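The values are calculated or read from the model by the stated rules, or taken from the named source; none is laboratory data. Everything numeric here is computed off the predicted structure, so don't read it as measured data. As a convention, Cβ positions derive from the backbone with ideal geometry for all residues, glycine included, and neighbour counts pool all protein chains shown. Only protein heavy atoms, including side chains, enter the accessible area calculation; ligands, DNA and RNA are left aside. Shrake-Rupley method; radii C 1.70, N 1.55, O 1.52, S 1.80 Å.
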Amino acid sequence: MSAFSDALAARIAATGPMRLDRWMEACVAAYYARADTLGRDFTTAPEVSQVFGELIGLWAADLWQRAGARSPVILAELGPGRGTLMADAWRATRQVPGFHTAAHVHLVETSPTLIAAQTERVPHANWHEHPDDLPPGPLLLIANEFLDALPIRQFVRAADGWRERHVGHGPRGFVPVLGDPVPEGAVPDAFADAPEGAIVEDRPAARALVAALARRIANHGGAALFIDYGHPGPGLGDTLQAVANGERVDPFATPGEADLTAHVDFAALADAASPPARVHGPMAQGEFLPRLGLEERTRALARANPAQAAALHAAAARLTAPAQMGALFQVIALTAPDWPTPAGFPA
Ligand code: SAH
């Protein structure tokens, strides 16, 4: 056992089983603080192809131009990982008149290890621990695979009604256990008749984050783009998953040593954002990226680097093929009500 899991076990011994979201929050923070995680356990879209970050940078700059090219503007990213997306976005927007003068890059990151990696790729950025700390003013915000790491609560249908999932610790290590009955209203009415054993998930931290961003964007102008894997509407089922060294592992077995995520409920995000923001999507990544010019940009890069052509086309296919990242990953955007419709979304 690691020092981190010893501390969790001691905490549970002292105060009882932990609510799943508190457990997940602690595990995710411990995981990303490790030196060796990103890239070892999973690969994200900006690491698959440079075109991903380039297209998103141009998406933001195009919207900024059409909204009146206000200066200054905050160009922010939540959970930037190694900083690859922002580095590609910044390089791709060099030619957009006035954009680099107007845009100030702000990154929200809690892992000291990843801040160090981001500093190498985006040396001109400013760092913050929480999205609330971003400076005021018009905002262009990007978040890829950020929300899936935010903590979830799970409600389990037991014989006597809905109960909240907690994490206990015993001779077999950490295990999920049933906690207190949940108060009326915590589980949407649509699931009132769910069978025993059914699980409903909720992500209050993501709803609060999106609601706060929507208020800010509506007041100060701006847009936010969230890309993550999940489902377009609410559903039943346990989507908590852990990955270590590319393999699915028991989410409770090795706290802080596996990447712990759960599907994002895009309908819940849309509800949290609108009103006051305008919501665009969700749309499958496999539809969104081609609408931004994935094929054209990939072909241009391939012509300039013939030795890389096959790899570039394979990477683009990986981002869009329904059996790979094209269908499971969804894209949703929020804009101020008086901002234009962003590229990629139907007007
Ligand atoms: N966006 C990157 C990395 C995704 S991994 C990419 O696409 O490659 C998730 C990122 O979110 C990591 O950088 C992690 O350290 C960060 N993160 C996770 N939870 C966070 C939190 N509560 N606050 C700030 N950053 C967080």
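Full extension of the segment from E120 to L178, taken as 0.36 nm per residue of separation minus the current Cα-Cα distance, would add 16.4 nm. Scanning residues 5 or more positions from S71 or on other chains, none has an amide H under 5 Å from its amide H, with H placed 1.01 Å from N in the peptide plane.
Only helical runs count toward this figure. For the chain, summing -39,500 (n - 2.57) over DSSP H runs of n ≥ 4 and dividing by all residues gives -11000 deg cm²/dmol at 222 nm. For segment 64-222, the solvent-accessible area of protein heavy atoms averages 45 Å² per residue (probe radius 1.4 Å; ligands and nucleic acids excluded). Rounded to the nearest 10 degrees, the angle from helix 20-33 to the longest Cα principal axis of the chain is 50 degrees.
Projected label points at A186 and A159, each 7 Å from Cα along the beta carbon direction, are separated by 2.0 nanometres. Spatially, segment 302-347 and segment 76-145 are offset by 20 Å when compared through their Cα centroids. Full extension of the chain between A194 and A10 yields a length gain of 62.7 nm, computed as 0.36 nm times the residue separation minus the alpha carbon distance.
Each listed q (0.22 Å⁻¹) maps to a log10 I(q)/I(0) for segment 78-190 from the Debye sum over equal C-alpha point scatterers, namely -1.18. The distance separating the Cα centre of segment 269-290 from that of segment 197-231 comes to 10 Å.
Once you sort the root eigenvalues of the Cα gyration tensor of segment 211-347 as a ≥ b ≥ c, which label holds: rounded (a/c under 1.5), prolate (a/b larger than b/c) or oblate (the other case)? Oblate, because a/c is 1.5 or more while a/b does not exceed b/c. Seen through its C-alpha gyration tensor, with square-root eigenvalues sorted a ≥ b ≥ c, segment 93-138 comes out oblate because a/c lies at 1.5 or above while a/b is not bigger than b/c. Using θ = phi - 60° in the Karplus curve 6.51 cos²θ - 1.76 cosθ + 1.60, the 3J(HN,Hα) couplings for segment 51-58 round to 5, 4, x, 4, 5, 6, x, 5 Hz; x is entered for Gly and Pro. Keeping the other protein chains in place, figure out the carbon and sulfur percent of the accessible area of the chain, with a 1.4 Å probe. Ligands and nucleic acids excluded, carbon and sulfur reach 53 percent. Ordering A159, L147, L55 by Cα displacement along the dipole of segment 11-159 toward the positive end leaves A159 in first place; charges were set at the Cβ atoms of Lys, Arg (+1) and Asp, Glu (-1). Against the main long axis of the alpha-carbon atoms of the chain, helix 309-320 sits at an angle near 50°. Considering only the Cα atoms of the chain, their convex hull presents on average a projected area of 18.4 nm².
What FRET efficiency comes out for S2 versus A347 if R0 is 45 angstrom and r is the Cβ-Cβ distance? Round to the nearest 0.05. Computed FRET efficiency for S2 and A347 comes out at 0.30. Once the Cα atoms are used to define both axes, helix 204-220 deviates from the longest principal axis of the chain by about 30 degrees. Net charge dipole, the chain: roughly 920 debye, given to the nearest 20, about the Cα centre with Cβ charges of +1 for Lys and Arg and -1 for Asp and Glu. Counting only the Cα atoms, segment 195-252 fills a convex hull of 142 Å³ per residue.
Each label point was placed 7 Å from the Cα along the Cα-to-Cβ direction; for H231 and A300 their separation is 3.9 nm.
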